[in-house]
Each structure stands twice: as C-alpha cells, then as structure tokens.
Amino acid sequence: MEDEIRVLAPQGLLGYGFPVKSFQEALRRNPHVIAVDGGSTDPGPYYLGAGVSFTDQLAVKRDLEFMLEAALDKGIPLIIGTAGGAGGKPHLDWNVDIVKEIAKERDYSFLMAVISAEINKDVIFKKLTDGKIRTFETRKELKAEDVSRSTRIVAQMGVEPFLKALDAGAQVIVAGRAYDPACQAAVPLKHGFDCGLVMHMCKILECGAIACVPGTASDCLLGTIRKDHFIVEPTNSDRRCTEVSVAAHTLYEKGNTDFLPGPGGAIDLRQVKFEQMGDRAVKVSGSRFIKDDVYAIKLEGAARVGFRTISIAGARCPKMISQIDSIITGVKERVQENFITVPTTDYQTIFHIYGKNGVMGDLEPEKTIRSHELGIVIEVVAKTQELANAICSVARSVMLHFGYPGRIATAGNLAFLYSPSDLKAGEVYEFSVYHLMEVTDSCEMFPMELIKVRGNLS
Amino acid sequence: MSKRYSITELADVIRSKNAGPFELTFDIIFRDFKTYYEVKEKGVINKALIAKLYRITEDEVLTLATFDPAKAIKATIVRPLSSGGIGETDVYGSQQHAPLLSIEIEL
C-alpha cells in the first residue's frame, strides 16, 4: 500500500477555469489522479430537463485540454463526474464529444470509460411498486404521475462505478450524474485508504479552492490522504487553508453538521479534528464513514411545466410605487377578463417587484417600500409559448396604461428596459423527482462503456 | 456589564444557500471562539427565533445546529418553493439571509 495518495482537484466545477500557475504547481507535487465533478443541482431544474449544460463548451474544453495533457503525460487517471452539468444522457454525450475532439486535435490515445446515469422510467415504476423508493427532502412521497411527467430522471452514482472503471483499466473516466466527491474518492479508495477520511477529504476537494482564504471554485486544491489523516492545501500561494476555513466549508450547502449523507452511507463528523499545518495547509482526522444497511441512490428528475415570456420594466413615480399592490391586482383582473375563454389553469401571471420583495417573496419580513424606484419583471408561464407571449403582451400593455387613483403621469406607468419589451424565455422546468431509490447493487443502474480513443483516427 | 450587540458585530459570515433544491441553509460564523461559545451558551439563536424571523412554523426549521470547529451556528429551513420552480425568486438561495442581520444579542 502506498503511504499516501495525492488527489488534485483543479477546480470546483468543470468549466469554471483555474490559473495555469496553480495547475502547474499542483503537477509538480505529482498527484496520483486528477478529478473534478462537472455538475450541481444549484442552477435549477432547467438544465436537467432541457438536456443542456449550464457550463460553456469552450470553457470546459479549455479546462479539459490542460487536464488531459497532464494525465496522459504523467500516466495518471483523469476522472470527470456529473458530465455536462446535470449528468443525463445528452449531458454525458456532450462532454464525451469534447474529450474526443481534444483527443483528435492533439492525437491522444487512451482507454476511456463512459458511465451513464440516466434512469429508465420503467425501472423507477417497478421500484415504486416494490416499495423501494423513499421520501427525501421534498417531504412528499413519489407518485407514479411524477415519474410519468418527468422529462428526464438521473441518479447519483456513488464511488463503486468509478472503481469498476479503474479496474477495467480506464485512464479517462467520464461519468453521468455522480455524488460530487465520488470522482475524487475512487483512486484513494482503490488504494485501501479509510473510507471516512477519503469521503470527507473529497467532500472538501469537490469545491476546489472554496475551502481557502480567499475562497474560490476557480482554483486548485490538493488533497493528500494518509493512514489516519488527510491534508488539504491550495497550490496557489495567494490562498491558504485555515482550520476555520476548512471547518466552515464543512457547513457549506449542507443541511446538517454531524452527518453528511451520500450513496451507501454517511460521513460522521462528530469526532473530526482540524489542525493547522504551517501557514497554508490543514490536517484533518477523526472523520468516519457509517455504512447504510441498504444502499440507496438519489434520483433527480425534472418535468416541463410550461413556457415563459417576461417583460422587464421600472417604475419611478412615487404615486405608482405607493399603490403597486392594488395596481398589480387590477392588472391581473384585466388580463383574466381579456382572456376569459382561456382556463386560468393554463397560465400564471407573476409580478416580481424588485425594491419590494423581488428577492425574498413571501419570506420578506420588510413590508414597507423604501425605494424611490421599483424594478418590475412581468412573468407569464403558460401551456404554450404562444399563450405565454399573448398573456405577457396584454399584461405589459395593461400595466403600462393602467389608471389608478391620483395618477399624475398619464403618458405611461412603465419604463421599459428593452425593445422588444417582451422576451421569450422558452421552456420552464421544475424538480419533479428528488427521492431515494434502494438498490441491491451499487453499479446496476450505471452501465459502463469502454471506448478505445485512438488519437486522430477517432 | 452586559451590552446589546448586533449580530453583524459578532459574526464575520452570515449567509444563505440551497442545501439541495428543497431546503435553504443559513450559516452564522462568529468572529472569534470566545464570542461563539458565549452565544452558543446563551442559546438565543434557536428554532423559535429562526421561525419568527422568517415567519414560518418551528416545524419548518429542520435543523438548528452548532459546529464548534467552525465557530458556527447553522439553521436549515424548508424552501417555500423548490429552486427554479414557477414563481421562485432565488435559484441558488444565496440572498435569503437578510432577516438574520436584525438579530441582537446581549452579552
């Protein structure tokens, strides 16, 4: 067994970039693997549903060029999790195509494992019937109808499919939706290091240099795992890890501080110790892994709920601002009257009022408007794009000339930001599935394909 | 002698973020360990306070936890609308912290 394994996380998310100098410094430390996750649910349900990446093709290609070159040069694995942002089939294909394009341009040859994570609905229906789907953070049971209406459903793979790909001899692994730390955990786990330490280290590494001061997802973090501890350190000398910055990162985006659950078990942080090592590195020990009795994977599904058209405008008249609520009610009534034959369930008209509660909506405790101007986004979500366009156009024109008590500016109520004033925003999705699915085999839902990439012949 | 402090005098970081698309999590990271332990000891940042600030029920406050190594208090609530859903206004959930800024603590 190796004394230590060094894992290079070049960044927090594939496509977010990193300084070349940091990357080169990381390579000087001879990492055993380069790994990064490419996704998140943070950008919302659209990307999963629509099958597009929230990261940019050229930005991802730029990052992968550096990583592929380094991995092939050093003869170490390059592992990508959650390809294409959401990790469904189109996302995975998109990312694999970028890898192939680089290989062709630079005449690189290697064995690539492609692991998919999109789940067939029939599998989920069967699991639902068998009682193998658990309620999770939606606090609602999954209904067959939620599965039917979903455009796409993926599952988060754990580390096992990555281990399988390494065992098959793959040097480059591109995987669909994965538990964020899984891609980084595979190599240290293969070498037999403690699962609690490995998973905790990778939970920090998966965000790149966010656990540093100053923190960022667009820079490198190097993780070194040993028998009874691990060390994290940025390779950019302008950043440092401190006990508090690393400990605080443990809170980031998590609902809980004692246990961080993932596929197959949870990281137990109750005994964790953070110790400063010099100015820029932190040593962590005491993290443990508690295995679940039944292995469960998280399902993520998105369903299309309509089409959106928006209009952006401002209001500066104090007389209008003081009556904004009643004006909105009046406009909504007029719009509904105007489309009396259209069922009201076919569309929703929403007024986002910045300067009032545009950011927090119902959670906003401040009820008084103190701003001298308001930003107004008229949003219509309807069954079809045409209907959304029509409703938005009427809502916009009604609001523009709406008569209200004491109106003094009779030429128009709204300052439109653009011509055209109405913008088609296309399909609207929502998260329709966010549940746990029990499996008997951690790899069964994630089929792997091995591809021999042959330089400019591929 | 005790004095009333604004939370912004006691904490370096007060933030909100999605913890998955259906939950919002808040972190308050204190300036120093002494202050953190004093506030923790007082127990004034609790589920009832979070519920009051966000005008939600205590049941909707899912977690209220302290984490000594980070000198931090974390609270997690149910998201009123799932991230990116129709009518939702903060996809990443990163601007929902403001009500916490009004917390005052006597130390």
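Data overview
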{"read-out": "Rel. contact order, % - alpha carbon contacts under 8 angstrom, at least six apart, chain A", "value": "21 percent"}
{"read-out": "Rounded to 10°, Cα long-axis angle of helix A:89-106 versus longest principal axis of chain A", "value": "60 degrees"}
{"read-out": "Shielding score for B:29-37, defined as the mean number of other chain Cβ atoms within 10 Å", "value": "1"}
{"read-out": "Other protein chain Cβ atoms within 10 Å, averaged over every residue that makes up B:69-76", "value": "6"}
{"read-out": "Across A:Lys383/B:Lys52; A:Lys254/A:Lys383; A:Lys61/B:Lys74; A:Lys164/B:Lys17; A:Lys89/A:Lys127, pairs whose alpha-carbon gap is larger than 26 Å", "value": "A:Lys383/B:Lys52; A:Lys254/A:Lys383; A:Lys61/B:Lys74; A:Lys164/B:Lys17"}
{"read-out": "Cα-based helix-to-principal-axis angle, A:195-205 vs chain A, degrees rounded to 10", "value": "50 degrees"}
{"read-out": "Percent of Cα-Cα distances greater than 36 Å, calculated over the protein assembly as shown", "value": "40 percent"}
{"read-out": "Packing-based order for B:75-87, A:73-85, A:26-38, A:404-416, using average beta carbon neighbours within 10 Å, highest first", "value": "A:73-85, A:26-38, B:75-87, A:404-416"}
{"read-out": "Distance between modelled label sites at A:Lys121 and A:Asp325, nm, 7 Å Cα→Cβ extension", "value": "4.3 nm"}
{"read-out": "Averaged over B:86-93, number of beta-carbon atoms from partner chains that fall within 10 Å", "value": "6"}
{"read-out": "Degrees, to the nearest 10: A:385-400 long Cα axis against longest axis of chain A", "value": "50 degrees"}
{"read-out": "Additional length obtainable on full extension of the chain from A:Val359 to A:Asp97, 0.36 nm per residue less Cα span", "value": "90.5 nm"}
{"read-out": "Label-point separation, A:Glu69 to A:Lys140 (7 Å along Cα→Cβ), nm", "value": "4.9 nm"}
{"read-out": "Cα→Cβ-extended label distance, 7 Å offset, between B:Val13 and A:Tyr418, nm", "value": "3.5 nm"}
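All of the numbers you see were taken from the coordinates with simple rules; none came from a lab. Everything numeric in this text was worked out from a predicted model, so none of it was measured. When we count neighbours, we look across all protein chains shown, and the Cβ atoms used for this are built from the backbone with ideal geometry, even at glycine.
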